[in-house]
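The values are calculated or read from the model by the stated rules, or taken from the named source; none is laboratory data. As the structure is a prediction and not an experimental result, all values here were calculated from the model. As a convention, Cβ positions derive from the backbone with ideal geometry for all residues, glycine included, and neighbour counts pool all protein chains shown. The accessibility values were calculated without ligands, DNA or RNA, using every heavy atom of the protein model including side chains. Shrake-Rupley method; radii C 1.70, N 1.55, O 1.52, S 1.80 Å.
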Amino acid sequence: MFYVKERLNDSMEISIEITDENVFCHCPMCGVEVVVDIAEILGDGESDLFGTAIYCSECSKKIRAGGSYDEHK
Ligand SMILES: [Zn+2]
């Protein structure tokens with residue numbers, strides 16, 4: 001399993017298992033919180049955790065319908 005580890009102070013540290021339900025990011029178009037399917041990201045063999053943006057379902061729809069990626073540039 002993968003987990004995230006965060007040192008709270010000198011004597012406390014937390015580790016949290018990464019599952020397919022507790023990884024989130026913000027949609028780069030509208031900023032809404034999106035659940036990230038980490039298995040899908042790792043599975044495509046090309047993505048990295050810093051360069052990958054997950055669009056929310058609404059924005060994905062817009063993009064697929066011919067919307068622009070460049071709206072915010
Ligand atoms: Zn969005």
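Listed values, structure above:
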| read-out | value |
| --- | --- |
| Test for ALA65: is it within 12 Å of the chain's Cα centre (by Cα) and among the small types (Gly, Ala, Ser) | no |
| Leading residue by the ranking (nearest to ASP48 (Cα to Cα)) among those in segment 1-17 that are of a type in the set (S, T, N, Q) and open to solvent by less than 100 Å² (accessible area, probe 1.4 Å) | SER15 |
| Sole exception among (1) touching a Lys or Arg at 6+ places or on another chain (Cβ under 6 Å); (2) in a loop (DSSP other than H, G, I, E, B); (3) not β-branched (Val, Ile, Thr) for LEU49, by number | (1) |
| Pick from segment 18-64, criterion open to solvent by 60 Å² or more (accessible area, probe 1.4 Å) and modelled with pLDDT of 95 or more, ranking: nearest to the ligand (Cβ to nearest atom) | CYS30 |
